[in-house]
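Comments concern the structure below.
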Amino acid sequence: TLLPNVPEIYAAARVPSHPVIAANAKGGKLEMWSLKKNGQPAKRLAPDQRGNVYAAENVLMLYTRDEEDADPECEIYFWQGHRADQKVFASFMFGFVPVLSTKLRNSGFVPPTPVQVHQQKESLQLMNRLDSLIVIRMGPRPDGPATASTALAMATSASGGPGATPAAPEGAQGVSMFQVRRTSAAGGTYFHVVEVPASVARLDSRDVFLIRKEDQGKVTLWRGSLSDQACATKAKEVAATIFTGVEVCGVDEGNEPDELW
């Protein structure tokens, strides 16, 4: 069975006030599970992990909204990282979704058609559910607390399982780097923060990057010459959650210090 703890997942959909469900700024509740393979139980993610995903994992995102003055709403997203096991989606659709749909129907919701979402192709609607921010780390999700260094180590030692895309070439050793990109659309503005191999070739003048060397007690916020202040501001906010307890120092493109790499 793909998800041995299916009852726990659909039970939460029946009780939107469950304490581990993160409230959404747009209204409603959002839950996330990291879907395992080889019969392992799915891992329920804590509210502070909203929008934090890994390139070598599949994630179930369940959004519910049940208010007195409106009809109940429900959305199901199957988020798939670039290097995630591609076989999990079929098992999810034919093994898990029929069970969840029945439970949702019995709870007063109209079962929606699950939406498959590929990494960095998230819709504006999903980004709104994620409060306009998604952070994508390399590799599979670690069992313990996530840090930039553990994600980098796992990314270079795991391929993501059967059907996964081979891991990208490594960047500079002992350096982690996140690309921060802002996207504007008619429905609002949202941000992608994506961990990439640490390399000068990856720098893009349109974006902002967070660069951390393990032997330094600071994070460099690199501002591309064509990037905007909104992107830099968001990057600084995100840096405080990715790299806890370190100083963030800004540097503009063309004025990089020699010790940056």
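The values are calculated or read from the model by the stated rules, or taken from the named source; none is laboratory data. Keep in mind that this is a model prediction, so the values were computed, not measured. Ideal geometry is used to build each Cβ from the backbone, glycine not excepted, and the neighbour counts take in all protein chains shown. Ligands, DNA and RNA are stripped out before the accessible areas are found, and what is left, the full protein with its side chains, is counted by its heavy atoms. Shrake-Rupley method; radii C 1.70, N 1.55, O 1.52, S 1.80 Å.
Criterion applied to PRO72, PRO111 was being open to solvent by 10 Å² or more (accessible area, probe 1.4 Å), modelled with pLDDT of 85 or more, over 15 Å from the mean Cα position of the chain (by Cα) and not hydrophobic (A, V, I, L, M, F, W, C), and the one residue passing it is PRO111. Residue under question is ASP69, and the condition is that it be among the acidic types (Asp, Glu) and not in a loop (DSSP other than H, G, I, E, B); does it hold? Answer is no for this residue. Scanning region 118-136 for residues that are open to solvent by 10 Å² or more (accessible area, probe 1.4 Å) and not in a loop (DSSP other than H, G, I, E, B) yields HIS118, LEU124, GLN125, ASN128, ARG129, LEU133.
Here ALA56 passes the criteria (1) in a loop (DSSP other than H, G, I, E, B); (2) in contact with a Ser or Thr (Cβ under 7 Å, 6 or more places away or on another chain); (3) among the aliphatic types (A, V, I, L, M) except the one numbered (2).
Here ALA84 clears all of (1) modelled with pLDDT of 60 or more; (2) out of contact with any Asp or Glu (no Cβ under 8 Å at 6 or more places or on another chain); (3) surrounded by 14 or more Cβ atoms within 10 Å (Cβ to Cβ); (4) of a type in the set (A, V, I, L, M) except the condition numbered (2). Just so you know, in region 205-220 the residues that are part of a strand (DSSP E or B), open to solvent by 10 Å² or more (accessible area, probe 1.4 Å) and without any contact (Cβ under 8 Å) to a residue 60 or more places away in the chain include one that is farthest from MET138 (Cα to Cα), and it is LYS218. When each of ARG202, ARG181 is tested for being under 25 Å from ALA84 (Cβ atoms), surrounded by fewer than 17 Cβ atoms within 10 Å (Cβ to Cβ) and modelled with pLDDT of 90 or more, the lone residue that passes is ARG202. If the condition is being out of contact with any Ser or Thr (no Cβ under 8 Å at 6 or more places or on another chain) and at pLDDT below 50, then region 114-152 contributes only THR150.
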